[in-house]
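Reading through the C-alpha cells given below for one structure.
The values are calculated or read from the model by the stated rules, or taken from the named source; none is laboratory data. Predicted, not measured: the structure shown is a model, and the values here were computed from it. Please note: Cβ atoms are built from the backbone with ideal geometry, for glycine as well, and neighbour counts cover all protein chains shown. Surface accessibility is based on the protein's heavy atoms, side chains included, excluding ligands, DNA and RNA. Shrake-Rupley method; radii C 1.70, N 1.55, O 1.52, S 1.80 Å.
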Amino acid sequence: MIHAYQRIPLLYKIFAGMLLGALIGILLGPESAILQPIGTVFLNLLKMAALPLIIFNLIAGIASLSDGKVFGRVGIKIMFYYVLTTLFAMIIGLLAGSWFKPGVGFVLDGKYEGTVEKIPSFSETLINLIPSNIFKTLTEGRFDQIIIFSLLVGISILFLNKEDKDYLSNLFDKLTKLFSKLVGIVMGIAPLGVLALMAVTVGKYGPMLAGFLAKYLAATYLSILLQIVLYTVLLVLFSRTKISFFYKNALPLIATSLSTSSSLASVPVSLNCADNLGIPRSISSFTIPLGSQVNKDGNGIMLALTFLFASQAVGADLSLAILFKMILLGLVLTTGAGGVPGGGIVTIAILVDAFGLPLEIVAIVAGVFALIDMGLTMLNCLGDLVGSKIVAKQEEKRLPAHHAQT
C-alpha cells in the first residue's frame, strides 16, 4: 500500500486532502479544530524552508543574467503587468458588488476594536523598504525588506569580475538546489497538512454561509473567477501558451495557496510550477518573490467589494469621482501593502475610514476573512505565475538558452 501511495502524483494527493478535509469540516464542525496542530506544523515547516529558498533563489536568478539591462527590462515589464491586473481586479470587484449588492438591507451593529493606521506617504513607503539591519529584518520576517536586500546583492554580483561572478552565481545556485530539496521533503506531508487546514477552516466558518455573507462570498468568488478569465486571455494573447498545459502545471500552486492562505508558503511551489512551465529561473526567481509582495489582485477585489458593501449598508451615493478616488487609493494600499502593518484587515480599515464610512464593517469582514483569504491568496499567486510566463515569452529571444528550466 505504501508503494502504491508513493506512485500517486502529489497533485492528486493534495486535492484529495482538500476534498477530504472539507468533508471532515462539514461533519465535525467546530470540533475539527482538533486537527489545527497538524496544519500549523505543516505551514511552519513550509515557511521555514521558503524564506532561505526565496533569498538564495532571487540572488542566483539575478546573478545568472548577462547584465543589468536585462534586469531593468524585466522589472519594468512585470511591474506594468502587476499594476494593470490589479486595476482590472478592482474594477471587477466593483462590478460584482454592484450586481450582488451585499450591503443592501444590512444593518451595521458590529464594532471595530483596532486602530486605523495613516496612509503611508511615498517617502515613508520607500524608507520602510530599506533595511537598516538585515539580521533584524530576517528575525522579524520583514519580507519586503528581505526582497530588497536580495535584489541589491544579486545586482551587485552582476558588476563583479567574471571569476567572482561565476563563483558566487554557482554558490547561490547550489544553495537554491539545497533548499529546493528541503521544500520537496516538506511537501511530502502536504496532503495531510492541507487536509487539516481545510477541515479547520470549513468546520469553523461553515455556519456563516448564509444571508448577506453568502452574497459577499458569492461576489468575491465570482470576481476571482472573472479575474482568472482575464489571466487566461492575457496568457493566450501574450505568451501563446496552451491553457490546458498551463493550468495542469499550475494546479499544485492553486491547491497549496487555497489551503495555506499564505503567499510566502506558496512561493516555493510557485517556483517549481514555473520550472515545469519552462519559465527561465532568471525570470521567475525575480518576478515571483516580487509579485508575492506587490501583486495583490485579490486584495484589490476585497477592497473594492468591502467599500461597496459599506456604502450600500449606509445608503451612500457614489459618484464616478468617488469611485475613481477609491481605485487610486486601493492601488496604493495593494501595491504598497508592505508599508502598511497588519495586512488585509488594516488596509480595509484605512480605506473605509478615508471615506468616512462606518468602521464596524471591518469587524464584520474580519469574521469571514479566512473564507475569502484562501481564494484571494490563490489569485495573487496565480497572477504572479501568469505574469512570469508572459514576461518570459517576451524575453525568450534575448535570454541565453541555458537560462531555461524545463
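Some notes on this structure:
- Using a Förster distance of 35 Å, the FRET efficiency for VAL314-ALA370 (Cβ separation, nearest 0.05): 0.85
- Choice from LEU376, LEU328, LEU251 showing the highest fluctuation, given a GNM over the chain with Cα pairs closer than 10 Å: LEU328
- Residue order for GLU395, GLU360, GLU124, GLU31 - accessible surface, 1.4 angstrom probe, largest first: GLU31, GLU124, GLU360, GLU395
- Across the cross-link table entries LYS47/LYS248; LYS47/LYS393; LYS13/LYS248; LYS101/LYS215, which are compared at the Cα atoms, the separations over 18 Å belong to LYS47/LYS248; LYS47/LYS393.
- Theoretical FRET efficiency, 1/(1+(r/R0)^6), r = Cβ-Cβ of LEU328 and GLN36, R0 41 Å, to 0.05: 0.55
- Area of TYR221 that stays accessible when all protein chains are in place (1.4 Å probe, Å², to 10): 80 Å²
- Segment 120-164 shape via C-alpha gyration tensor axes, a/c threshold 1.5: oblate
- Share of carbon and sulfur in the accessible heavy-atom surface of the chain [1.4 Å probe, %]: 68 percent
- A 1.4 Å probe over all protein chains sorts LEU95, LEU65 by accessible area into LEU95, LEU65, starting with the largest.
- Oblate is the label for segment 1-105. Its Cα gyration tensor axes, ordered a ≥ b ≥ c, give a/c of at least 1.5 and b/c at or above a/b.
- With a simple spin-label model that places each label point 7 Å from the Cα along the Cα-to-Cβ direction, the separation between PHE159 and GLU140 comes to 2.7 nm.
- Peptide packing for 260-266, 71-77 was compared via the average number of neighbouring C-beta atoms within 10 Å per residue; ordered from the highest value, the list is 260-266, 71-77.
- Prolate is the label for segment 134-220, because a/c, from the alpha-carbon gyration tensor with a ≥ b ≥ c as root eigenvalues, is 1.5 or above and a/b exceeds b/c.
- Proximal lysines relative to LYS204, as straight alpha-carbon distance under 18 Å, when same-chain residues fewer than 8 apart are discounted: none
- Sorting 196-203, 300-307, 150-157 by their mean Cβ neighbour count within 10 Å, with the most densely packed peptide first, gives 300-307, 196-203, 150-157.
- Ratio of the Cα radius of gyration of the chain to 2.2 N^0.38 Å, where N counts its residues: 0.99
- Candidate residues VAL41, VAL368: accessible-area rank, largest first, probe 1.4 Å: VAL41, VAL368
- Expected 222 nm ellipticity per residue - DSSP helices of 4 or more, -39500 (n - 2.57), all of the chain, to 500: -26500 deg cm²/dmol
- Reachable lysines from LYS397, criterion Cα separation under 17 angstrom, eight or more residues apart if same chain: LYS69, LYS77, LYS389
- q = 0.12 Å⁻¹, segment 153-280: log10 I(q)/I(0) [Debye, one scatterer per Cα]: -0.71
- Residue-normalised accessible area of the chain, expressed per residue, 1.4 Å probe, Å²: 46 Å²
- Packing-based order for 292-299, 42-49, using average beta carbon neighbours within 10 Å, highest first: 292-299, 42-49
- Membrane-span-like helices in the chain, defined here as complete DSSP H runs extending at least 27 Å along the helix axis by their C-alpha atoms with mean Kyte-Doolittle hydropathy no lower than 0.0, are 36-63, 68-100, 211-239, 360-395; this is a sequence and geometry rule, not a statement about a membrane.
- Mean Cα-pair separation over length for the chain, i.e. relative contact order, pairs under 8 Å, 6 or more apart, %: 33 percent
- Pairwise FRET efficiency - ILE185 versus ILE2, Cβ, R0 = 25 Å, nearest 0.05: 0.90
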